[in-house]
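What follows is a single structure, written as structure tokens, with notes after it.
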Amino acid sequence: MYPAKSAPFRLLGLNFSDKFITDYSRRNVPAVHIASSRTFSCFEKVSSEAWIEALFASLLHYTLEKDLPDNELIQMKQAECMHIFQQRYPDIFSALLAGNLSKRVDLETFINENYMYNAPLERFAELSGRSLSTFRRECMARFGMPPNKLILEKRLEMAYEKLSHGDVRPSDIYWELGFETLAHFSRRFKDKYGVPPSCVKKDNV
């Protein structure tokens, strides 16, 4: 769920290791299952629905009360999430089991489709099907810059495009382009273009 404009937000996530997915599959999935023929990106958005909302509402309780769950309860929540995927999102569930979200993909395509997501560089490398060192090396060879700089450049270029051709404000777009704070976005934008994002003139390209 996305926060309202300029509203604070909390990020809640469940991490599934390969071992957890394998163990869950052995316990809960028939030996034969049909893999989806659909092509998935490395970051898949799922539509909001009752089971997902209930799961994350229960997780939100722990952050609000500052009473973090123990490992056993976390594993129960992970299993609950996998069950929801199995019942409500079978294509994504099948892709998780088959490892279809971790296959090596074309680097340029991967960057262009995913640069706006706020994730650690290690996660970008993993989802592209590469080690971190290979990810860095290929970016340097193909684009002449390290991946963190390449991702930043892509974000800033899209920000300039949106600000100069759309009826948007910096506060409307910084988060969706992967910047954690408006101040960080404004500083990086000014470093590249020489003016703060609020001073970009419309249709001046």
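What to note about this one:
- Condition broken by Trp175, with the remaining ones in (1) closer than 18 Å to Tyr117 by Cβ; (2) in a helix (DSSP H, G or I) satisfied: (2)
- Filtered by the rule that a residue be part of a helix (DSSP H, G or I), surrounded by 10 or more Cβ atoms within 10 Å (Cβ to Cβ) and more than 23 Å from the chain's Cα centre (by Cα), the range 64-75 gives a lone residue, Leu73.
Every number here is computed from the coordinates shown, using simple stated rules; none is lab data. Nothing here was measured: the structure is a model prediction, and the numbers come from that model. Every residue, glycine as well, gets a Cβ built from its backbone with ideal geometry; the counts of neighbours run over all protein chains shown.
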